[in-house]
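Input: a single structure, listed below in structure tokens.
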């Protein structure tokens, strides 16, 4: 360059070179290392001279770089595993929520289930035994699976359910 200045290093307090600039004093080997593109991590400055660190020191820096790269790869892999695990947990929770979410129950399907096990007449006797239950049965177009009256009524007719069948199982079979 024709500006009358020299290539000089930008240096930290401990002599590590972090970059290049232009200055008024000649720094031995500065222009050479800048021109050939020597990795700044391998250069130091002391007493007006830029010099390369030892091969052992370079190897230690490269080993640390490799360890940092491996740690970043491991962290990214673990993050992917964690994300996949969280997605699986979220999907499982969504399935549980969907299975336990309130749903509409078909009165017709419910009657058909009782008919299958030969208990329709007993079920109808339960409905017709109380005027309020009879009125509400006829007023409803569908039943809500989480309605307390529906759940209480099913508990009252649990003896009519097939062995091993819970009220919730019966309601799931009768989704509208």
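The values are calculated or read from the model by the stated rules, or taken from the named source; none is laboratory data. Note that the coordinates shown come from a computational prediction; the quantities given were computed from them, not determined experimentally. Methodologically, a virtual Cβ is constructed for each residue, glycine included, from the backbone with ideal geometry; neighbour enumeration extends over all protein chains shown.
Tell me yes or no: at least one residue of the stretch 119-142 is at pLDDT below 90 and touching a strand residue (DSSP E or B) at 6+ places or on another chain (Cβ under 7 Å).
Yes, the conditions are met somewhere in the stretch 119-142.
Yes or no: the stretch 166-174 includes at least one residue that is farther than 23 Å from residue 96 by Cα and either out of contact with any strand residue (DSSP E or B) (no Cβ under 7 Å at 6 or more places or on another chain) or at pLDDT 85 or above (or both).
Scanning the stretch 166-174, I find no residue that is farther than 23 Å from residue 96 by Cα and either out of contact with any strand residue (DSSP E or B) (no Cβ under 7 Å at 6 or more places or on another chain) or at pLDDT 85 or above (or both), so the answer is no.
How about the stretch 131-171: which of its residues are part of a helix (DSSP H, G or I) and in contact (Cβ under 8 Å) with a residue 40 or more places away in the chain? Before you say what the answer is, go through the steps one by one.
First, pick out the residues of the stretch 131-171 that are part of a helix (DSSP H, G or I): 131-139, 148-156, 158-160, 167-171.
Correct list: 150, 160, 170, 171.
Among the residues of the stretch 68-114, which ones are under 25 Å from residue 150 (Cβ atoms) and exposed (fewer than 13 other Cβ atoms within 10 Å of the Cβ)?
Listed by number, the residues that qualify are 94, 95, 96, 97, 98, 99, 100, 101, 102, 108.
Looking for something touching a residue at least 40 places away in the same chain (Cβ under 8 Å) and within 22 Å of residue 62 (Cα to Cα) - is there at least one such residue anywhere in the stretch 38-50?
Our first condition is that a residue be touching a residue at least 40 places away in the same chain (Cβ under 8 Å); within the stretch 38-50, this holds for 50.
Applying the additional criterion that residues be within 22 Å of residue 62 (Cα to Cα) yields 50.
Yes - at least one qualifying residue is present in the stretch 38-50.
Between a first residue in the stretch 110-130 that is at positive phi and a second residue that is modelled with pLDDT of 85 or more and surrounded by fewer than 18 Cβ atoms within 10 Å (Cβ to Cβ), which pairs have beta carbons less than 8 Å apart while being 6 or more apart in sequence or on different chains?
Every condition considered, no pair remains.
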